[in-house]
1. Report the full-extension gain for the segment K365 to I253: residue separation times 0.36 nm, less the Cα-Cα distance, to one decimal in nm.
2. Given an 8 Å cut-off on Cα distances and at least 6 residues of separation, report the relative contact order of segment 251-381 as a percent.
3. When the chain is fully extended, how far beyond the present Cα-Cα distance does R41 get from T211, taking 0.36 nm per residue of separation?
4. How big is the charge dipole of the chain about its Cα centre, in debye rounded to the nearest 20, if each Lys and Arg gets +1 on its Cβ and each Asp and Glu gets -1 on its Cβ?
5. Quick one: net charge of L32's neighbours, Cβ under 13 Å, K/R +1, D/E -1?
6. How far apart, in nm, are the 7 Å Cα→Cβ label points at R299 and R195?
7. Could you tell me which residue out of A231, S178, N109 lies farthest along the dipole of the chain toward its positive end? Charges go on the beta carbon: Lys and Arg +1, Asp and Glu -1, centred on the Cα centre.
8. Expressed in nm to one decimal, what extension gain is obtained for the pair S128 and T328 from 0.36 nm per residue of sequence separation less their Cα-Cα distance?
Amino acid sequence: MIIRKNWRQQKVVFSSKPWQTHRMPSEFSQLLLQWYAHAARALPWRERSDAYSILVSEIMLQQTRVETTIPYFQRWLERFPTLAGLAAAPEQEVLRLWEGLGYYSRARNLHRTARQVVVEYNGVIPSSAAELERLPGVGRYTAAAVASIAFGKDEAALDGNIRRVLARYFNIELSVGSPQAEKVFWGLAREHLPRGRASDYNQALMDLGATVCTPCAPRCEACPLEALCQARILGVQEARPVRRPRATIPHYIVTAAVIRRSGRVLIAQRPSTGLLGGLWEFPGGKQEPGESLVDCMTREIREELGAAVHVGVALGVYQHAYTHFRITLHAFACTLLEKQEPQALHASEIRWVAPEELGDFPMGKVDRQISRSLVNRTEAKK
């Protein structure tokens, strides 16, 4: 049983399904918009009104915090100020500019979107959520956000911040991510959408969730919805939204080879699809059960490059966490044992490059750390 306080008469109303029977739909959005009018965050993409910059910001903000996104957004718009400029750029340059932001499929999809819009829409980003959602990497939330913010369409958006605000305000006891919960959240977001104010409404919910209704230790005393928030009234705000138990994250041991020849090192380009697609790396791979690091290294080079190596000194140990797994990577200096040329058996391409040229090739975080250490060692020897 959920307790819900009536705002005007100060009565307590009982409801087993508060998302189906709630007070004045406009009150929720009204309080949000009044708060947003003076509390909106100053963000660089809000200083621009063009659909391209809004699309770029929304793609970058998928899985990434605002403070991390801002410098990348600014650098991106300096290099690719227009959608046509992005469409004309080579993918490697796009990935290099994105490097460090993670989830590289977003960069590849944004690049594909730019090219598709140039071809199919004469370079003009479509304004409807339905058309936007057909673009690469644009899902339901991103399509609604761009349609409402860039074009003023009456589309409700739903991201993690918005789900959290709704889950607490209406005390939703359904597990986030379940089909039933998604139906409820989207229904609430649409029902309370003030016609003609979708842009401010969606951004107000995002800002409230990001700055006040935070995942841990929400600042309820600063929230414009505090008096009406059902989770707050019951004292269960930190238990909302309800989440499923997290699965155990697997941990893998990985090796990487720094193979030198004539002052150059060998790097391989990953296939264009999949994890870190299109990025460059030092060849290697995952350790198998019962295998030593040296055995792992020699097997991986044989499988990936068709070559035999002598595994030399350890160059470093690197830790990194991806979305669904963690790795500990051991880098080794390696020397080719045979005169035959290594082959790109699994990579899209392999190249011999000077250490000082490594910065020209887009890499994932760990491989960039290795490359920087090589550059530093090279410079120290000069």
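Rule-based calculations on the coordinates, nothing more; no lab input. Since we're looking at a predicted model, the values are computed, not measured. Please note: Cβ atoms are built from the backbone with ideal geometry, for glycine as well, and neighbour counts cover all protein chains shown.
1. Contour length minus Cα-Cα distance gives 38.7 nm.
2. Relative contact order for segment 251-381 comes out at 32 percent.
3. Between R41 and T211, full extension yields an extra 60.3 nm.
4. My answer is approximately 1080 debye.
5. Combined, the nearby Lys, Arg, Asp and Glu give -3.
6. 6.6
7. A231
8. 67.5 nm
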